[in-house]
Amino acid sequence: MKLSVAMITFNEEKNLERTLTSVKKIADEIVIVDSGSTDKTEEIARKYNCKFIKNKWLGYGPQRNLAIENSTNPWILNIDADEELSLGLQKRIEEIKESEDKKEVFKINFTSVCFNKKLKHGGWSGTYRIRLFKKDAGRFNDNMVHEEFITKKEVYPIKEDIYHHSYLTLEDYLQKFNRYTTEGAIDYYKKGKKSSIFQIVFNPIFKFLRMYIFRLGFLDGIEGLMIAVDSALYSMTKYFKLREIYRNGAYYNENNNIENR
């Protein structure tokens, strides 16, 4: 059976070519839904004959679903522009495409690459996410962030890796940091969650200890230390922004959800 790769993008010129190179041998179609890129994202996509759809930002779940709905093949591989299929995973997906097995939904093992290093500890790798499925097997929920694929089908694991190039450099992390913490705060606000001094002050401390000490992040060297510190700061900033939304309506716009993507 044929397979469509369904992607969402926004200013991904630094990542996109690596991702498209890794999927081109298994993809019968590549569908990209872009939310207003101003860099060379579209130019790179056109080079790989992608179906390139421009659409305003709807949130991660709805945006992913739009890419799926515009795909024409029975199998869907949902992948982000900062992700890369390992050679082993490419081979495994080809086998699934050609198989007559009745399995319809697969979750794939993720390995994070931060600051050009594969992280093996700290909770950043070894997680499984649903990314390969039959088109009619389910859809992502409408969450703006932390979206999940909802299905009634049995989910099967694939141990071969997707490499998630989370942050190329510290500068890349900091550029994404502001948008991700704002989106996280708005998502919490829409769910009715509150911010407290405990969450702003103590939750980041616990997060650092959990990642760096209890989940052995220190074994990843200086990169493990940096990502643990950055993750703690992420938690602090997200909850402080949530506090600002309740106090003065910052960041949140009823019409767009986010004032600026």
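Of the GluC sites (Glu not before Pro) found in the range 113-214, the ones in coil according to DSSP and having at most 15 other Cβ atoms within 10 Å of their Cβ are GLU148, GLU154.
Between the beta carbons of ILE197 and LEU174, assuming R0 = 30 Å, the FRET efficiency works out to 0.75 to the nearest 0.05. Full extension of the chain segment joining ASP28 with ILE53 gains 7.3 nm, where the gain is 0.36 nm per residue of separation less the Cα-Cα distance. In the full protein context, the chain carries 51 Å² of accessible surface per residue, based on a 1.4 Å probe and ignoring ligands, DNA and RNA. Here the contact order of the range 1-103, divided by its residue count and restricted to Cα pairs under 8 Å and six or more residues apart, works out to 41 percent.
Element breakdown for the range 1-80 at a 1.4 angstrom probe: carbon and sulfur atoms account for 48% of the accessible area. Residue ranking by accessible heavy-atom surface, 1.4 Å probe, largest first, among LYS238, LYS207, LYS14 comes out as LYS14, LYS207, LYS238. Only beta bridges with both residues in the chain are counted; by DSSP, about 45 percent of them are antiparallel. In this Cβ point-charge picture (+1 for Lys and Arg, -1 for Asp and Glu), the range 1-126 has a dipole of about 260 debye about its Cα centre. Net charge dipole, the range 121-217: roughly 340 debye, given to the nearest 20, about the Cα centre with Cβ charges of +1 for Lys and Arg and -1 for Asp and Glu.
Run the 1.4 Å probe and let me know the accessible area of ARG215, rounded to the nearest 10 Å². Roughly 120 Å² of ARG215 is accessible to a 1.4 Å probe. The GluC sites (Glu not before Pro) found in the range 65-145 that occupy coil by DSSP, while having at most 12 further C-beta atoms within 10 Å, are GLU100.
Placing +1 on each Lys and Arg Cβ and -1 on each Asp and Glu Cβ, with no other charges, gives the chain a dipole about its Cα centre of roughly 660 debye. Each of LEU168, LEU132, LEU219 has its accessible area taken with a 1.4 Å probe; listed largest first, they run LEU219, LEU168, LEU132. Legend: residues ARG139, ARG179, ARG247, sorted from most to least accessible area (1.4 Å probe; ligands, DNA and RNA excluded), read ARG247, ARG139, ARG179.
The values are calculated or read from the model by the stated rules, or taken from the named source; none is laboratory data. Note that the coordinates shown come from a computational prediction; the quantities given were computed from them, not determined experimentally. Every residue, glycine among them, receives a Cβ derived from its backbone with ideal geometry; neighbour counts consider all protein chains shown. With ligands, DNA and RNA removed, areas are computed over all heavy atoms of the protein, side chains included. Shrake-Rupley method; radii C 1.70, N 1.55, O 1.52, S 1.80 Å.
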